[in-house]
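Peer 1: First the structure, then my questions, so here it is.
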Amino acid sequence: MSVDDAVRVRGHGVEVDVLVSPRSSRSGVEGVDGWRKRLLVKVRAPPLDGRANKEVEEVLAGVTGVSSAVISGHTSRQKTVFIEGDPASILSKLRESIE
């Protein structure tokens, strides 16, 4: 399973399907869930008042170097995040983050 299975190119960026694990001991991208075809993202924040969503956006922005925003799944562990920028560059950075 690769990152490509969780990513779709959309216009001037990409949509990434993620599975969030809130209240983790550390934050970061942990790999790909092959069964769900989602990028695994761990965050320290609890799932209260949008704190976990904000940290997911920060983690992915930190990995890719460009802005990101949760566009669906705001109250679910399964989310879709839009990352704005060059799709090829974003994919490359996401692949590097899980190697």
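The values are calculated or read from the model by the stated rules, or taken from the named source; none is laboratory data. Because the structure is a prediction, the values reported are computed rather than measured. For neighbour counting, all protein chains shown are included, and Cβ atoms are generated from backbone atoms with ideal geometry for every residue, glycine included. Surface accessibility is based on the protein's heavy atoms, side chains included, excluding ligands, DNA and RNA. Shrake-Rupley method; radii C 1.70, N 1.55, O 1.52, S 1.80 Å.
Peer 1: For the chain, which whole-number percentage of the solvent-accessible area (1.4 Å probe, protein heavy atoms only) is attributable to carbon and sulfur atoms?
Peer 2: Roughly 47 percent of what the probe reaches on the chain is carbon or sulfur.
Peer 1: Let me ask something else about it. Taking every DSSP beta bridge with both residues inside region 1-75, roughly what % is antiparallel (nearest 5)?
Peer 2: 70
Peer 1: Now for a separate question. Roughly what angle does helix 87-97 make with the longest principal axis of the chain, taking Cα atoms, 0 to 90 degrees, to the nearest 10?
Peer 2: 50
Peer 1: With axes computed from alpha carbons, what is the tilt in degrees of helix 51-64 against the longest principal axis of the chain, rounded to the nearest 10 within 0 to 90?
Peer 2: That helix lies at roughly 30 degrees to the long axis.
Peer 1: Evaluate the Debye formula for the chain with equal point scatterers sitting on the alpha carbons, no solvent, and hand back log10 of I(q)/I(0) at q = 0.15, 0.17, 0.18 Å⁻¹, in q order, two decimals.
Peer 2: Each listed q maps to, in turn, -0.49, -0.64, -0.72.
Peer 1: Counting only heavy atoms of protein chains, what accessible area per residue, in Å², does the chain have with a probe of 1.4 Å?
Peer 2: Roughly 54 Å² per residue, with all protein chains present.
Peer 1: Moving on. What does the charge add up to near Ala52, with Lys and Arg as +1, Asp and Glu as -1, over the other residues with Cβ less than 11 Å from its Cβ?
Peer 2: So the environment of Ala52 carries a net charge of +3.
Peer 1: With a 10 Å radius around each residue's Cβ, average the other Cβ atoms per peptide and rank 9-16, 35-42, highest first.
Peer 2: 35-42, 9-16
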